[in-house]
Amino acid sequence: MEISQNPDWETEFNRFEQAISSSPAPIRVRSIIKLSVLANQSPESILTRAIPILAGLLRVSDDPDRSVQAAAAHCLKRIACLGGEFAATMGRCGAVASLLGLLLEANDNNNGIALRKIWVKCLWSLVTFGSAIRIGLARLGGVEIVTRELNTWQDDSSKWCLLEILTALTTLRESRRVLVHNGGLKFLVEAVKVGNFASRERACHAIGLIGGTRRCRRLLVEAGVVPALVEVFRDGDEKGKLLAGNALGIIAAQTEYIRPVTEAGSIPLYVELLSGGDPLGKDIAEDVFCVLAVAEGNAVLIAEQLVRILREGDEEAKFAASDVLWDLAGYRHSVSVIRDSGAIPLMVELVRDGSVEFKERISGAISQLCYNENDREAFYESGMVPILIEWLGDDSEEIRDNAAEALVNFSEDQERYGGVREALRHPVIQSMQSRLARIRASHEHLVRSMRRVTIEHLARDPYFP
(Lines give C-alpha, C1' and ligand atoms only; values in the text may rest on other atoms or scores of the structure.)
Protein backbone atom coordinates (compact mmCIF):
# COMPACT_ATOMS: atom_id res chain seq x y z
CA MET A 1 0.00 0.00 0.00
CA GLU A 2 1.27 3.45 -0.93
CA ILE A 3 0.71 6.37 1.40
CA SER A 4 -0.87 9.40 -0.33
CA GLN A 5 -3.08 12.31 0.55
CA ASN A 6 -6.28 10.75 -0.88
CA PRO A 7 -5.58 7.09 -1.51
CA ASP A 8 -7.76 4.96 -3.70
CA TRP A 9 -8.33 2.29 -1.04
CA GLU A 10 -9.52 -0.38 -3.44
CA THR A 11 -6.47 0.02 -5.65
CA GLU A 12 -4.17 0.09 -2.63
CA PHE A 13 -5.71 -3.08 -1.27
CA ASN A 14 -5.29 -4.87 -4.61
CA ARG A 15 -1.60 -3.92 -4.59
CA PHE A 16 -1.28 -5.21 -1.02
CA GLU A 17 -3.00 -8.46 -1.90
CA GLN A 18 -0.78 -8.96 -4.96
CA ALA A 19 2.40 -8.25 -2.98
CA ILE A 20 1.45 -10.79 -0.32
CA SER A 21 0.58 -13.50 -2.83
CA SER A 22 3.54 -13.27 -5.20
CA SER A 23 6.39 -11.21 -3.75
CA PRO A 24 9.48 -12.33 -1.78
CA ALA A 25 9.54 -11.95 2.01
CA PRO A 26 11.14 -8.47 2.22
CA ILE A 27 8.47 -6.94 -0.03
CA ARG A 28 5.69 -8.72 1.87
CA VAL A 29 7.08 -7.37 5.14
CA ARG A 30 7.15 -3.79 3.74
CA SER A 31 3.57 -4.10 2.50
CA ILE A 32 2.37 -5.33 5.88
CA ILE A 33 4.19 -2.55 7.73
CA LYS A 34 2.58 0.05 5.45
CA LEU A 35 -0.82 -1.42 6.24
CA SER A 36 0.01 -1.16 9.95
CA VAL A 37 0.87 2.51 9.55
CA LEU A 38 -2.38 3.18 7.63
CA ALA A 39 -4.59 1.06 9.89
CA ASN A 40 -6.17 3.93 11.78
CA GLN A 41 -6.99 5.72 8.50
CA SER A 42 -8.19 2.74 6.48
CA PRO A 43 -11.89 2.03 5.93
CA GLU A 44 -13.32 -0.76 8.06
CA SER A 45 -14.15 -2.80 4.97
CA ILE A 46 -10.52 -2.78 3.83
CA LEU A 47 -9.23 -3.89 7.23
CA THR A 48 -11.88 -6.61 7.48
CA ARG A 49 -10.76 -8.01 4.10
CA ALA A 50 -7.10 -7.81 5.16
CA ILE A 51 -7.58 -9.77 8.39
CA PRO A 52 -7.92 -13.27 6.79
CA ILE A 53 -4.79 -12.59 4.72
CA LEU A 54 -2.80 -11.51 7.79
CA ALA A 55 -4.11 -14.43 9.88
CA GLY A 56 -3.08 -16.79 7.10
CA LEU A 57 0.44 -15.37 7.14
CA LEU A 58 0.83 -16.54 10.74
CA ARG A 59 0.73 -20.09 9.39
CA VAL A 60 3.17 -19.76 6.47
CA SER A 61 5.98 -22.33 6.34
CA ASP A 62 8.35 -20.50 3.95
CA ASP A 63 9.41 -17.87 6.50
CA PRO A 64 12.55 -19.24 8.21
CA ASP A 65 13.37 -16.06 10.16
CA ARG A 66 9.68 -15.44 11.01
CA SER A 67 9.89 -11.87 9.64
CA VAL A 68 6.62 -12.11 7.69
CA GLN A 69 4.82 -13.75 10.62
CA ALA A 70 6.14 -11.11 13.02
CA ALA A 71 5.00 -8.27 10.73
CA ALA A 72 1.57 -9.91 10.35
CA ALA A 73 1.20 -10.31 14.11
CA HIS A 74 2.18 -6.68 14.69
CA CYS A 75 -0.32 -5.52 12.08
CA LEU A 76 -3.10 -7.66 13.56
CA LYS A 77 -2.38 -6.12 16.95
CA ARG A 78 -2.65 -2.60 15.51
CA ILE A 79 -5.98 -3.43 13.89
CA ALA A 80 -7.39 -5.24 16.96
CA CYS A 81 -6.63 -2.22 19.13
CA LEU A 82 -8.97 -0.14 16.98
CA GLY A 83 -11.85 -1.98 18.67
CA GLY A 84 -15.10 -3.00 17.06
CA GLU A 85 -15.42 -6.52 15.67
CA PHE A 86 -11.86 -6.77 14.35
CA ALA A 87 -10.56 -8.98 17.18
CA ALA A 88 -13.54 -11.34 16.93
CA THR A 89 -12.94 -11.64 13.19
CA MET A 90 -9.32 -12.54 13.85
CA GLY A 91 -10.45 -15.24 16.25
CA ARG A 92 -12.73 -16.73 13.61
CA CYS A 93 -9.79 -16.74 11.17
CA GLY A 94 -7.72 -18.95 13.50
CA ALA A 95 -5.30 -16.29 14.73
CA VAL A 96 -5.45 -17.50 18.36
CA ALA A 97 -4.46 -21.07 17.54
CA SER A 98 -1.64 -19.83 15.29
CA LEU A 99 -0.25 -17.52 17.97
CA LEU A 100 -0.31 -20.28 20.58
CA GLY A 101 1.51 -22.56 18.17
CA LEU A 102 4.16 -19.92 17.55
CA LEU A 103 4.62 -19.43 21.29
CA LEU A 104 5.15 -23.16 21.79
CA GLU A 105 7.74 -23.22 19.00
CA ALA A 106 9.68 -20.15 20.17
CA ASN A 107 13.19 -20.74 21.52
CA ASP A 108 15.18 -18.81 24.13
CA ASN A 109 17.80 -17.20 21.88
CA ASN A 110 17.72 -13.46 21.31
CA ASN A 111 15.57 -13.68 18.19
CA GLY A 112 13.23 -16.15 19.88
CA ILE A 113 12.72 -13.87 22.88
CA ALA A 114 11.91 -10.90 20.60
CA LEU A 115 9.43 -13.01 18.64
CA ARG A 116 7.73 -14.24 21.82
CA LYS A 117 7.10 -10.61 22.79
CA ILE A 118 5.45 -10.00 19.42
CA TRP A 119 3.24 -13.11 19.67
CA VAL A 120 2.24 -12.25 23.24
CA LYS A 121 1.38 -8.63 22.46
CA CYS A 122 -0.75 -9.71 19.52
CA LEU A 123 -2.53 -12.30 21.66
CA TRP A 124 -3.05 -9.65 24.35
CA SER A 125 -4.77 -7.33 21.85
CA LEU A 126 -7.12 -10.10 20.72
CA VAL A 127 -8.09 -11.06 24.26
CA THR A 128 -8.45 -7.45 25.42
CA PHE A 129 -10.59 -6.22 22.52
CA GLY A 130 -12.42 -9.48 21.79
CA SER A 131 -13.85 -10.85 25.02
CA ALA A 132 -15.52 -13.77 23.19
CA ILE A 133 -12.05 -14.99 22.18
CA ARG A 134 -11.32 -15.95 25.78
CA ILE A 135 -13.47 -19.09 25.56
CA GLY A 136 -11.62 -20.35 22.51
CA LEU A 137 -8.26 -19.48 24.03
CA ALA A 138 -9.10 -21.41 27.20
CA ARG A 139 -10.19 -24.46 25.22
CA LEU A 140 -6.89 -24.42 23.34
CA GLY A 141 -4.94 -24.67 26.61
CA GLY A 142 -4.44 -20.94 27.02
CA VAL A 143 -4.03 -21.01 30.80
CA GLU A 144 -1.36 -23.70 30.67
CA ILE A 145 0.56 -21.94 27.88
CA VAL A 146 0.35 -18.49 29.51
CA THR A 147 1.46 -19.93 32.85
CA ARG A 148 4.37 -21.67 31.14
CA GLU A 149 5.40 -18.40 29.52
CA LEU A 150 5.20 -16.56 32.85
CA ASN A 151 7.44 -19.16 34.48
CA THR A 152 10.16 -18.55 31.89
CA TRP A 153 9.58 -14.90 30.96
CA GLN A 154 12.76 -12.82 31.13
CA ASP A 155 11.55 -9.33 30.26
CA ASP A 156 9.54 -7.60 32.97
CA SER A 157 8.74 -4.66 30.68
CA SER A 158 6.25 -6.76 28.71
CA LYS A 159 5.26 -9.28 31.38
CA TRP A 160 2.13 -7.27 32.09
CA CYS A 161 0.69 -8.46 28.75
CA LEU A 162 0.81 -12.08 29.91
CA LEU A 163 -0.67 -11.17 33.29
CA GLU A 164 -3.56 -9.31 31.64
CA ILE A 165 -4.22 -12.29 29.35
CA LEU A 166 -4.26 -14.50 32.46
CA THR A 167 -6.78 -12.32 34.30
CA ALA A 168 -9.00 -12.25 31.21
CA LEU A 169 -9.00 -16.04 31.20
CA THR A 170 -9.90 -16.21 34.91
CA THR A 171 -13.33 -14.83 34.09
CA LEU A 172 -14.06 -18.46 33.11
CA ARG A 173 -14.63 -21.05 35.86
CA GLU A 174 -12.66 -23.81 34.13
CA SER A 175 -9.67 -21.49 33.72
CA ARG A 176 -9.69 -20.72 37.44
CA ARG A 177 -9.74 -24.44 38.21
CA VAL A 178 -6.76 -25.06 35.91
CA LEU A 179 -4.87 -22.15 37.46
CA VAL A 180 -5.29 -23.59 40.96
CA HIS A 181 -3.96 -26.99 39.91
CA ASN A 182 -1.02 -25.84 37.78
CA GLY A 183 0.59 -23.65 40.44
CA GLY A 184 -0.31 -20.36 38.78
CA LEU A 185 -1.96 -18.59 41.72
CA LYS A 186 1.24 -16.66 42.41
CA PHE A 187 0.83 -15.00 39.02
CA LEU A 188 -2.77 -14.07 39.81
CA VAL A 189 -1.52 -12.30 42.94
CA GLU A 190 1.14 -10.55 40.84
CA ALA A 191 -1.59 -9.45 38.44
CA VAL A 192 -3.31 -7.61 41.30
CA LYS A 193 -0.28 -5.32 41.48
CA VAL A 194 0.48 -4.54 37.81
CA GLY A 195 -1.30 -3.76 34.57
CA ASN A 196 -4.33 -1.63 33.83
CA PHE A 197 -7.01 -1.33 36.47
CA ALA A 198 -9.53 -3.44 34.59
CA SER A 199 -7.08 -6.35 34.70
CA ARG A 200 -6.22 -5.76 38.36
CA GLU A 201 -9.92 -5.75 39.19
CA ARG A 202 -10.40 -9.03 37.30
CA ALA A 203 -7.58 -10.50 39.40
CA CYS A 204 -9.27 -9.33 42.62
CA HIS A 205 -12.56 -10.84 41.48
CA ALA A 206 -10.90 -14.16 40.61
CA ILE A 207 -9.16 -14.28 44.00
CA GLY A 208 -12.49 -13.75 45.72
CA LEU A 209 -13.94 -16.69 43.78
CA ILE A 210 -10.90 -18.94 44.25
CA GLY A 211 -10.17 -18.14 47.89
CA GLY A 212 -13.09 -20.07 49.34
CA THR A 213 -11.04 -23.15 50.29
CA ARG A 214 -8.37 -23.46 52.98
CA ARG A 215 -5.74 -24.73 50.52
CA CYS A 216 -6.27 -21.86 48.09
CA ARG A 217 -6.25 -19.27 50.86
CA ARG A 218 -2.93 -20.63 52.10
CA LEU A 219 -1.39 -20.52 48.62
CA LEU A 220 -2.68 -17.00 48.03
CA VAL A 221 -1.43 -15.71 51.39
CA GLU A 222 1.98 -17.29 50.82
CA ALA A 223 2.10 -15.50 47.46
CA GLY A 224 1.53 -12.13 49.16
CA VAL A 225 -2.14 -11.59 48.39
CA VAL A 226 -2.95 -9.53 51.52
CA PRO A 227 -0.77 -6.45 50.84
CA ALA A 228 -1.63 -6.66 47.14
CA LEU A 229 -5.37 -6.52 47.84
CA VAL A 230 -4.96 -3.78 50.43
CA GLU A 231 -3.17 -1.62 47.84
CA VAL A 232 -6.12 -1.89 45.43
CA PHE A 233 -8.56 -1.44 48.33
CA ARG A 234 -6.79 1.80 49.28
CA ASP A 235 -5.96 3.30 45.88
CA GLY A 236 -8.46 1.73 43.46
CA ASP A 237 -11.60 3.18 41.97
CA GLU A 238 -15.03 2.39 43.40
CA LYS A 239 -15.31 -0.98 41.67
CA GLY A 240 -11.75 -1.93 42.63
CA LYS A 241 -12.39 -1.13 46.28
CA LEU A 242 -15.46 -3.36 46.33
CA LEU A 243 -13.71 -6.29 44.66
CA ALA A 244 -10.54 -6.01 46.76
CA GLY A 245 -12.50 -5.54 49.99
CA ASN A 246 -14.65 -8.57 49.24
CA ALA A 247 -11.64 -10.76 48.34
CA LEU A 248 -9.76 -9.63 51.46
CA GLY A 249 -12.77 -10.55 53.60
CA ILE A 250 -12.83 -14.02 52.06
CA ILE A 251 -9.15 -14.47 52.96
CA ALA A 252 -9.86 -13.28 56.52
CA ALA A 253 -12.62 -15.87 56.91
CA GLN A 254 -9.88 -18.29 57.94
CA THR A 255 -9.03 -17.33 61.52
CA GLU A 256 -5.25 -17.56 61.19
CA TYR A 257 -5.36 -14.86 58.51
CA ILE A 258 -7.38 -12.34 60.52
CA ARG A 259 -4.22 -10.90 62.03
CA PRO A 260 -2.30 -10.26 58.78
CA VAL A 261 -5.41 -8.76 57.19
CA THR A 262 -5.82 -6.42 60.16
CA GLU A 263 -2.15 -5.53 60.44
CA ALA A 264 -2.14 -4.55 56.75
CA GLY A 265 -4.40 -1.62 57.68
CA SER A 266 -7.72 -2.96 56.44
CA ILE A 267 -10.06 -1.76 59.23
CA PRO A 268 -10.00 1.96 58.27
CA LEU A 269 -10.64 0.94 54.65
CA TYR A 270 -13.71 -1.07 55.63
CA VAL A 271 -14.89 1.87 57.72
CA GLU A 272 -14.64 4.02 54.61
CA LEU A 273 -16.61 1.39 52.68
CA LEU A 274 -19.26 1.27 55.41
CA SER A 275 -19.58 5.05 55.36
CA GLY A 276 -19.79 5.27 51.56
CA GLY A 277 -22.85 5.42 49.39
CA ASP A 278 -22.70 1.97 47.77
CA PRO A 279 -25.14 -0.52 49.36
CA LEU A 280 -22.97 -3.46 48.26
CA GLY A 281 -19.96 -1.85 49.92
CA LYS A 282 -21.88 -1.51 53.18
CA ASP A 283 -22.86 -5.19 53.02
CA ILE A 284 -19.26 -6.24 52.39
CA ALA A 285 -17.94 -4.09 55.25
CA GLU A 286 -20.60 -5.39 57.64
CA ASP A 287 -19.81 -9.01 56.82
CA VAL A 288 -16.06 -8.53 57.15
CA PHE A 289 -16.36 -6.63 60.43
CA CYS A 290 -18.20 -9.64 61.83
CA VAL A 291 -15.24 -11.81 60.80
CA LEU A 292 -12.52 -9.47 62.07
CA ALA A 293 -14.32 -8.88 65.37
CA VAL A 294 -13.66 -12.50 66.35
CA ALA A 295 -10.38 -11.07 67.70
CA GLU A 296 -11.15 -8.89 70.72
CA GLY A 297 -8.51 -6.30 69.82
CA ASN A 298 -10.18 -5.83 66.44
CA ALA A 299 -13.59 -5.58 68.08
CA VAL A 300 -12.30 -2.63 70.14
CA LEU A 301 -11.03 -0.82 67.03
CA ILE A 302 -14.22 -1.54 65.10
CA ALA A 303 -16.46 -0.35 67.94
CA GLU A 304 -14.50 2.90 68.20
CA GLN A 305 -14.98 3.52 64.49
CA LEU A 306 -18.69 2.69 64.69
CA VAL A 307 -19.12 5.23 67.49
CA ARG A 308 -17.43 7.85 65.32
CA ILE A 309 -19.84 7.06 62.48
CA LEU A 310 -22.81 7.28 64.83
CA ARG A 311 -21.61 10.73 65.88
CA GLU A 312 -20.51 12.17 62.55
CA GLY A 313 -21.93 10.07 59.71
CA ASP A 314 -24.99 10.71 57.58
CA GLU A 315 -28.19 8.77 58.18
CA GLU A 316 -27.30 5.92 55.82
CA ALA A 317 -23.89 5.52 57.47
CA LYS A 318 -25.55 5.47 60.89
CA PHE A 319 -27.96 2.79 59.65
CA ALA A 320 -25.00 0.69 58.55
CA ALA A 321 -23.13 1.24 61.83
CA SER A 322 -26.17 0.21 63.85
CA ASP A 323 -26.47 -2.96 61.75
CA VAL A 324 -22.88 -3.87 62.58
CA LEU A 325 -23.48 -3.19 66.28
CA TRP A 326 -26.44 -5.57 66.11
CA ASP A 327 -24.23 -8.22 64.53
CA LEU A 328 -21.44 -7.70 67.06
CA ALA A 329 -23.87 -7.96 69.95
CA GLY A 330 -23.80 -11.73 69.52
CA TYR A 331 -20.08 -11.98 70.30
CA ARG A 332 -19.32 -12.69 73.93
CA HIS A 333 -16.38 -10.28 74.20
CA SER A 334 -18.01 -7.64 71.97
CA VAL A 335 -20.69 -6.95 74.57
CA SER A 336 -18.18 -5.38 76.95
CA VAL A 337 -16.37 -3.79 74.01
CA ILE A 338 -19.54 -2.04 72.84
CA ARG A 339 -20.29 -0.83 76.36
CA ASP A 340 -16.76 0.49 76.95
CA SER A 341 -16.73 2.28 73.59
CA GLY A 342 -19.46 4.68 74.69
CA ALA A 343 -21.84 3.40 72.03
CA ILE A 344 -24.76 2.76 74.40
CA PRO A 345 -25.51 6.34 75.58
CA LEU A 346 -24.99 7.51 72.02
CA MET A 347 -27.51 4.95 70.72
CA VAL A 348 -30.03 6.14 73.30
CA GLU A 349 -29.49 9.74 72.24
CA LEU A 350 -29.96 8.88 68.57
CA VAL A 351 -33.19 6.92 68.96
CA ARG A 352 -34.98 9.72 70.80
CA ASP A 353 -35.59 11.65 67.59
CA GLY A 354 -34.65 9.11 64.93
CA SER A 355 -36.82 8.06 62.02
CA VAL A 356 -38.93 4.88 62.10
CA GLU A 357 -36.42 3.08 59.88
CA PHE A 358 -33.54 4.06 62.15
CA LYS A 359 -35.46 2.96 65.25
CA GLU A 360 -36.25 -0.38 63.62
CA ARG A 361 -32.62 -1.04 62.88
CA ILE A 362 -31.13 0.14 66.12
CA SER A 363 -33.85 -1.37 68.32
CA GLY A 364 -32.69 -4.82 67.22
CA ALA A 365 -29.16 -4.09 68.42
CA ILE A 366 -30.51 -2.73 71.68
CA SER A 367 -32.65 -5.83 72.32
CA GLN A 368 -29.62 -8.08 71.77
CA LEU A 369 -27.34 -6.01 73.96
CA CYS A 370 -29.90 -6.11 76.75
CA TYR A 371 -29.20 -9.82 77.24
CA ASN A 372 -26.03 -8.73 79.04
CA GLU A 373 -26.49 -7.49 82.61
CA ASN A 374 -23.78 -4.81 82.44
CA ASP A 375 -25.18 -3.44 79.21
CA ARG A 376 -28.67 -3.35 80.70
CA GLU A 377 -27.23 -1.23 83.48
CA ALA A 378 -25.69 1.17 80.95
CA PHE A 379 -28.97 1.44 79.04
CA TYR A 380 -30.91 1.95 82.27
CA GLU A 381 -28.61 4.75 83.39
CA SER A 382 -28.86 6.38 79.93
CA GLY A 383 -32.67 6.57 80.16
CA MET A 384 -33.53 3.80 77.70
CA VAL A 385 -36.30 2.12 79.71
CA PRO A 386 -38.92 4.90 79.29
CA ILE A 387 -38.22 4.90 75.54
CA LEU A 388 -38.69 1.13 75.38
CA ILE A 389 -41.99 1.39 77.24
CA GLU A 390 -43.14 4.08 74.81
CA TRP A 391 -42.18 1.83 71.87
CA LEU A 392 -44.64 -0.82 73.03
CA GLY A 393 -47.32 1.33 71.41
CA ASP A 394 -45.39 2.03 68.22
CA ASP A 395 -46.98 1.35 64.82
CA SER A 396 -44.00 -0.77 63.79
CA GLU A 397 -44.32 -4.42 64.83
CA GLU A 398 -40.54 -4.81 64.68
CA ILE A 399 -39.99 -1.91 67.10
CA ARG A 400 -42.68 -3.24 69.47
CA ASP A 401 -41.15 -6.74 69.50
CA ASN A 402 -37.61 -5.50 70.02
CA ALA A 403 -38.73 -3.23 72.85
CA ALA A 404 -40.66 -6.07 74.50
CA GLU A 405 -37.66 -8.43 74.25
CA ALA A 406 -35.41 -5.83 75.88
CA LEU A 407 -37.93 -5.12 78.68
CA VAL A 408 -38.32 -8.83 79.43
CA ASN A 409 -34.57 -8.92 80.04
CA PHE A 410 -34.78 -5.84 82.28
CA SER A 411 -37.47 -7.59 84.32
CA GLU A 412 -34.93 -10.25 85.35
CA ASP A 413 -32.87 -7.68 87.30
CA GLN A 414 -34.01 -7.16 90.87
CA GLU A 415 -32.56 -3.65 90.96
CA ARG A 416 -34.43 -2.59 87.84
CA TYR A 417 -37.59 -4.66 88.12
CA GLY A 418 -39.51 -1.79 89.67
CA GLY A 419 -38.88 0.41 86.65
CA VAL A 420 -40.54 -2.06 84.26
CA ARG A 421 -43.10 -3.79 86.49
CA GLU A 422 -46.10 -1.86 85.21
CA ALA A 423 -45.08 -2.44 81.59
CA LEU A 424 -45.01 -6.21 82.08
CA ARG A 425 -48.82 -6.23 81.93
CA HIS A 426 -48.73 -4.95 78.36
CA PRO A 427 -50.03 -7.54 75.85
CA VAL A 428 -46.95 -7.17 73.64
CA ILE A 429 -44.64 -8.08 76.54
CA GLN A 430 -46.85 -10.99 77.64
CA SER A 431 -46.80 -12.34 74.09
CA MET A 432 -43.01 -11.94 73.97
CA GLN A 433 -42.61 -13.72 77.32
CA SER A 434 -44.58 -16.68 75.98
CA ARG A 435 -42.56 -16.73 72.78
CA LEU A 436 -39.23 -16.60 74.63
CA ALA A 437 -40.39 -19.34 77.02
CA ARG A 438 -41.19 -21.62 74.07
CA ILE A 439 -37.81 -20.89 72.48
CA ARG A 440 -35.97 -21.68 75.72
CA ALA A 441 -37.96 -24.86 76.26
CA SER A 442 -37.20 -25.98 72.71
CA HIS A 443 -33.52 -25.26 73.21
CA GLU A 444 -33.40 -27.18 76.49
CA HIS A 445 -35.16 -30.14 74.86
CA LEU A 446 -32.61 -30.12 72.05
CA VAL A 447 -29.73 -30.10 74.54
CA ARG A 448 -31.22 -33.02 76.50
CA SER A 449 -31.79 -34.95 73.26
CA MET A 450 -28.22 -34.42 72.15
CA ARG A 451 -26.94 -35.68 75.51
CA ARG A 452 -28.82 -38.95 75.00
CA VAL A 453 -27.13 -39.55 71.66
CA THR A 454 -24.16 -41.88 72.18
CA ILE A 455 -21.54 -43.34 69.92
CA GLU A 456 -23.45 -46.63 70.03
CA HIS A 457 -26.57 -44.90 68.69
CA LEU A 458 -24.60 -43.42 65.84
CA ALA A 459 -22.91 -46.73 65.11
CA ARG A 460 -26.32 -48.42 64.76
CA ASP A 461 -27.63 -45.68 62.48
CA PRO A 462 -27.74 -47.15 58.94
CA TYR A 463 -27.35 -43.64 57.48
CA PHE A 464 -24.20 -42.87 59.47
CA PRO A 465 -21.22 -43.26 57.12
Give me the pairs, please: first residue somewhere in the stretch 267-285 and aromatic (Phe, Trp, Tyr), second residue anywhere and in a helix (DSSP H, G or I), beta-carbon distance under 6 Å, and either six or more positions apart or on two chains.
Tyr270/Ala285; Tyr270/Val288
Determine which member of the set Ser199, Ser158 is farther than 22 Å from Ala106 by Cβ and hydroxyl-bearing (Ser, Thr, Tyr).
Ser199
With the requirement that a residue be without any contact (Cβ under 8 Å) to a residue 40 or more places away in the chain, farther than 16 Å from Thr255 by Cα, open to solvent by 20 Å² or more (accessible area, probe 1.4 Å) and in a helix (DSSP H, G or I), what does the stretch 196-235 give you?
Ala198, Arg202, Leu209, Pro227, Glu231, Arg234, Asp235
Anything in the stretch 121-150 that is closer than 23 Å to Gly183 by Cα, open to solvent by 50 Å² or more (accessible area, probe 1.4 Å), within 26 Å of the chain's Cα centre (by Cα) and not basic (Lys, Arg)? List them, or say none.
Ile135, Glu144
Quick check on my filter: what residues within the stretch 311-335 are hydrophobic (A, V, I, L, M, F, W, C), open to solvent by less than 30 Å² (accessible area, probe 1.4 Å) and closer than 25 Å to Ala295 by Cβ?
Ala317, Ala320, Ala321, Val324, Leu325, Leu328, Ala329, Val335
Any pair with Cβ under 6 angstrom, 6 or more apart, that starts in the stretch 78-99 at a residue that is in contact (Cβ under 8 Å) with a residue 24 or more places away in the chain and ends at one that is small (Gly, Ala, Ser) and assigned to a loop (DSSP other than H, G, I, E, B):
Arg78/Ala39; Ile79/Ala39; Ala87/Gly130; Ala88/Gly130; Ala88/Ala132; Gly91/Gly130
Quick check: is even one residue across the stretch 352-368 under 26 Å from Glu296 (Cβ atoms) and open to solvent by 10 Å² or more (accessible area, probe 1.4 Å)?
yes
Candidates Ile387, Ile338, filtered to the one that is farther than 16 Å from Gln305 by Cβ and open to solvent by less than 30 Å² (accessible area, probe 1.4 Å)
Ile387
So, restricting to helices (runs of 4 or more DSSP H) that lie completely within the stretch 243-336, which ones have at least 2 residues that are modelled with pLDDT under 85?
315-328
Pull out all pairs, ordered by first then second residue, where Cβ-Cβ is under 6 Å, the residues are six or more apart or on different chains, the first lies in the stretch 388-410 and is over 12 Å from Gly364 (Cα atoms) and hydroxyl-bearing (Ser, Thr, Tyr), and the second is open to solvent by 10 Å² or more (accessible area, probe 1.4 Å) and part of a helix (DSSP H, G or I).
Ser396/Val356; Ser396/Glu360
Restricting the stretch 151-163 to residues that are surrounded by fewer than 22 Cβ atoms within 10 Å (Cβ to Cβ) and part of a helix (DSSP H, G or I), the residue that is farthest from the chain's Cα centre (by Cα):
Thr152
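The values are calculated or read from the model by the stated rules, or taken from the named source; none is laboratory data. None of these values were measured; they are calculated from a predicted model. Here Cβ is always computed from backbone atoms with ideal geometry, including for glycine, and neighbour counts include all displayed protein chains. When the accessible area is computed, the model is the full protein with side chains, heavy atoms only, and any ligands, DNA or RNA have been set aside. Shrake-Rupley method; radii C 1.70, N 1.55, O 1.52, S 1.80 Å.
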